[in-house]
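A.B. asks: Before I ask anything, let me first share the structure, which is written out below as structure tokens.
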Amino acid sequence: MPKIIPIRELKNTASISKFVEECNEPVFITKNGYGSMVIMNIEVYEREIAKRHVVELINESLKDIDNYDIKTEGSLFLNEMKKKYGK
């Protein structure tokens, strides 16, 4: 379940910092009952950026497959790579 806190609680920076550090997900900040911003600890941020990067790479690869229409059976591809690189 997402963590949601009102913006007025940001006044207690030490408490919020501890809460965010202990939380393993983004914390949503509301203002007048509406979403205003998101804060998260560094580990969560880096994990989310890494996920985004992986999705971008997968999407780029899928576009390449569609654009070049080069498809090879997985086991054949692995055998070719083993022959080529000797592993």
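The values are calculated or read from the model by the stated rules, or taken from the named source; none is laboratory data. The structure presented is a predicted model; accordingly, all values stated were derived computationally and were not measured. Heads up, the Cβs are rebuilt from the backbone with ideal geometry, glycines too, and the neighbour counts pull from every protein chain shown.
A.B. asks: Just give me the residues in the stretch 40-58 being of a type in the set (A, V, I, L, M, F, W, C) and in a helix (DSSP H, G or I), in sequence order. Write out each step before concluding.
C.D. replies: Going residue by residue through the stretch 40-58, those that are of a type in the set (A, V, I, L, M, F, W, C) are 40, 42, 44, 49-50, 54-55, 57-58.
Residues satisfying the conditions are Ile42, Val44, Ile49, Ala50, Val54, Val55, Leu57, Ile58.
A.B. asks: While we're on this one: Of all residues in the stretch 7-26, which are assigned to a helix (DSSP H, G or I) and either touching a Pro at 6+ places or on another chain (Cβ under 7 Å) or of a type in the set (Asp, Glu) (or both)?
C.D. replies: Result: Glu9, Glu21, Glu22.
A.B. asks: So, in the stretch 30-87, exactly how many residues are farther than 30 Å from Leu10 by Cβ and not small (Gly, Ala, Ser)?
C.D. replies: First, pick out the residues of the stretch 30-87 that are farther than 30 Å from Leu10 by Cβ: 54-87.
From what's left, not small (Gly, Ala, Ser): 54-60, 62-73, 76-85, 87.
The qualifying residues number 30.
A.B. asks: Tell me, please, whether a residue that is over 26 Å from the mean Cα position of the chain (by Cα) and either of a type in the set (Phe, Trp, Tyr) or assigned to a strand (DSSP E or B) (or both) can be found in the stretch 59-68.
C.D. replies: Taking the stretch 59-68 as the starting set, the residues that turn out to be over 26 Å from the mean Cα position of the chain (by Cα) are 67-68.
Still in the running and either of a type in the set (Phe, Trp, Tyr) or assigned to a strand (DSSP E or B) (or both): 68.
Taking every residue of the stretch 59-68 in turn, at least one turns out to be over 26 Å from the mean Cα position of the chain (by Cα) and either of a type in the set (Phe, Trp, Tyr) or assigned to a strand (DSSP E or B) (or both).
A.B. asks: If you don't mind, another one. With the requirement that a residue be hydrophobic (A, V, I, L, M, F, W, C) and either over 23 Å from Glu48 (Cβ atoms) or modelled with pLDDT of 95 or more (or both), what does the stretch 21-37 give you?
C.D. replies: Here is the first cut: in the stretch 21-37, the ones hydrophobic (A, V, I, L, M, F, W, C) are 23, 27-29, 37.
Those that are hydrophobic (A, V, I, L, M, F, W, C) and either over 23 Å from Glu48 (Cβ atoms) or modelled with pLDDT of 95 or more (or both): Val27, Phe28, Ile29, Met37.
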